[in-house]
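To start, the structure under review is shown below, and the notes come after it.
Computed from the coordinates by the stated procedures, all read-outs in this text should not be read as laboratory data. None of the values given here were measured: they were computed from a predicted structure. Here the Cβ positions follow ideal geometry from the backbone for every residue, glycine too, while neighbour counts run over all protein chains shown.
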């Protein structure tokens, strides 16, 4: 079992929530296709994310998606509380989580504007289904475990 | 390309076949380029890879098949 503990920071879980930094870039199949044709794609970029059990799918802001060099593969409907229902892009991406957690080599993530300006990505239940997340409110400890 | 026109042709083809495909390929991913249906795949990564072996990235649709279009709620 791999275990990642976010830095102990008393009080931060109340104010910030379960926030973690991830790196997002083009997916593994896109990298392989680029290699086959002699092209290069952007390296993964740091993205500020929050673990969100209220999100059925992982979400990224359109601005972060562009910064990470992602391209759309589909369109879908999203209902954002406070924003209503919109139709937005779905991007293919690779998400690199903090070591020792694994990398998602290819995931379809939904684009939507988020209302906390520092948060660019919500880690949704599509990813969370592979993790055991411990949220220790009194101590401020957040730990993520996944099977190897 | 305007966001709302992206994949317009592919999405039209998808909607025309949604009900049929929801029964024959439930929850699978379909890859469509223009009017061509490339194939159906159980995993997103395999669908994406199949599309990339024929077309440039960003030029084909990869969409999961459900009988009714889901609306993903974000709280």
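Among residues belonging to segment A:99-135 that are in contact with a helix residue (DSSP H, G or I) (Cβ under 8 Å, 6 or more places away or on another chain) and over 26 Å from residue B:41 (Cβ atoms), point out the one that is surrounded by the most Cβ atoms within 10 Å (Cβ to Cβ).
A:120
Is there a residue being under 23 Å from residue A:110 (Cβ atoms), free of Cβ contacts under 8 Å to residues at least 12 places away in the same chain, within 12 Å of chain B (Cβ to nearest Cβ) and touching a strand residue (DSSP E or B) at 6+ places or on another chain (Cβ under 9 Å) anywhere in segment A:29-44?
For segment A:29-44, residues under 23 Å from residue A:110 (Cβ atoms), free of Cβ contacts under 8 Å to residues at least 12 places away in the same chain, within 12 Å of chain B (Cβ to nearest Cβ) and touching a strand residue (DSSP E or B) at 6+ places or on another chain (Cβ under 9 Å): absent.
Taking strands (runs of 3 or more DSSP E) that fall entirely within segment A:2-89, which contain at least 2 residues that are surrounded by 18 or more Cβ atoms within 10 Å (Cβ to Cβ)?
A:19-25, A:45-51, A:72-80
Condition first: surrounded by 15 or more Cβ atoms within 10 Å (Cβ to Cβ), without any contact (Cβ under 8 Å) to a residue 12 or more places away in the chain and part of a strand (DSSP E or B). Now tell me which residues in segment B:41-72 satisfy that.
If the condition is that a residue be surrounded by 15 or more Cβ atoms within 10 Å (Cβ to Cβ), without any contact (Cβ under 8 Å) to a residue 12 or more places away in the chain and part of a strand (DSSP E or B), then B:72 is the only one that fits.
Could you check residue B:24 against (1) surrounded by fewer than 16 Cβ atoms within 10 Å (Cβ to Cβ); (2) within 13 Å of chain A (Cβ to nearest Cβ); (3) in contact with a strand residue (DSSP E or B) (Cβ under 9 Å, 6 or more places away or on another chain) and say which number it fails?
All conditions are met except number (2).
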